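Colleague: Below you will find the structure I want to go over with you.
The values are calculated or read from the model by the stated rules, or taken from the named source; none is laboratory data. If you're wondering where the values come from, they're calculated on a predicted model, not measured in any experiment. For neighbour counting, all protein chains shown are included, and Cβ atoms are generated from backbone atoms with ideal geometry for every residue, glycine included.
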Amino acid sequence: MLQILIDADACPVKDETYKVAGRYKVPVVVISNSPIRVPQDPLISRKVVSDAFDAADDWIVEHTDPRTVVVTADILLADRCLKLGATVIAPNGKAFTPSSIGSAIAVRAIMADLRAGGDVVGGPPPFRNTDRSRFLSALDQALVKLRRSL
């Protein structure tokens, strides 16, 4: 059975995920370190994990398989889920793939080194309506593709 797992603590597209998941009748699990309100819907559940480092990431990885769509902006979590065969989509609609994850990890490491060296580097660009639209389209396409492959 297909499922969608949301790395929810800072996810700006939870409502959009619920909308697309409802259209396809795909269960959604919202994973966070603290309680997050979710709609009263039998397809939507939440899992509150401890506040231990990477507890949400570890739970997501333990419950991921090739029939899973993971929604996260966390590059290292995306890498772990891709290795398990999952489909991984960032909230801005950009799909993480086995061919793109290496460069994403490299850029992340370079930015961390720059910050550690005291360089002032900007964060991600502001979330825009075009990102939301791209996410809706990417999630829809991912679910269609997964349903066809089952």
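Colleague: Out of all the residues in region 57-73, is one or more at pLDDT below 95 and surrounded by 14 or more Cβ atoms within 10 Å (Cβ to Cβ)?
Modeller: Yes, region 57-73 has at least one match.
Colleague: Out of curiosity, is Ser137 at pLDDT 95 or above and of a type in the set (S, T, N, Q)?
Modeller: Values: at pLDDT 95 or above: yes; of a type in the set (S, T, N, Q): yes.
Against the criterion (at pLDDT 95 or above and of a type in the set (S, T, N, Q)), Ser137 qualifies.
Colleague: Looking at region 60-76, which of its residues are closer than 10 Å to Leu5 by Cβ and of a type in the set (A, V, I, L, M)?
Modeller: Ile60, Val61, Val69, Val70, Val71
Colleague: Considering only region 38-55, I want to know if a residue exists there that is of a type in the set (Gly, Ala, Ser) and either touching an Asp or Glu at 6+ places or on another chain (Cβ under 6 Å) or buried (at least 17 other Cβ atoms within 10 Å of the Cβ) (or both).
Modeller: no
Colleague: In this structure, is Val70 in contact (Cβ under 8 Å) with a residue 24 or more places away in the chain, assigned to a strand (DSSP E or B) and touching a Cys at 6+ places or on another chain (Cβ under 9 Å)?
Modeller: Numbers: in contact (Cβ under 8 Å) with a residue 24 or more places away in the chain: yes; assigned to a strand (DSSP E or B): yes; touching a Cys at 6+ places or on another chain (Cβ under 9 Å): yes.
Judged against the criteria, Val70 is a match.
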